[in-house]
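As structure tokens, the structure follows; a few thoughts come after it.
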Amino acid sequence: SDGGERNITNVANGWHDTDAVNFRQLREVARYAYSGIAAATALAMIPDVDAGKTFSIGVGTGGYLGYQAVAVGASARIGQNLKVRLGAGISAASTTWGAGASYSW
């Protein structure tokens, strides 16, 4: 009821699937999520290989809700129709990576 709110304090870390989590654990999940979003943004900011060129390396940076990340990547044009791309993003909480290929006709 209104005005009858209570704080539950000194809650231990949840361990089992049916345990409650404390606020520290919840903040830790947010830290990993926000850092991952920053790293994904940094990866997306790396430019692709230019038309008429064969190979490209680049760096990118990104941020989300106070969390920052940097990324490095490379892309290559293998023939007229095939391109490949890979990269890794690094943040305070984790490392992300990605790779892809496209075939155009």
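Coordinate-derived values only; no laboratory data. None of these values were measured; they are calculated from a predicted model. Quick reminder, even Gly has a Cβ in these numbers, built from the backbone with ideal geometry, and neighbours come from all protein chains shown.
A few points about this structure:
- The mean of 1/r over all pairs of different alpha-carbon atoms in the chain, once inverted, gives a Kirkwood hydrodynamic radius of 16.5 Å.
- Sorting 4-11, 33-40, 17-24 by their mean Cβ neighbour count within 10 Å, with the most densely packed peptide first, gives 33-40, 17-24, 4-11.
- Highest average first, the peptides 48-58, 67-77 ordered by how many other beta carbon atoms sit within 10 Å of their residues are 67-77, 48-58.
- Neighbours of residue 66 by Cβ distance under 14 Å: Lys/Arg scored +1, Asp/Glu scored -1, total +2.
- Computed from backbone phi with θ = phi - 60° and the Karplus coefficients 6.51, -1.76 and 1.60, the 3J(HN,Hα) list for the stretch 38-51 is 4, 5, 5, 5, 4, 4, 5, 7, 6, x, 7, 4, 6, 4 Hz; x is used for glycine and proline.
- Shown in residue order for the stretch 16-29 are the 3J(HN,Hα) couplings computed by the Karplus curve 6.51 cos²θ - 1.76 cosθ + 1.60 at θ = phi - 60°: 8, 4, 9, 7, 7, 9, 9, 5, 4, 5, 5, 5, 5, 4 Hz (x for Gly and Pro).
- Under 5 Å, built H, 5+ apart or other chain: amide partners of residue 22: 14
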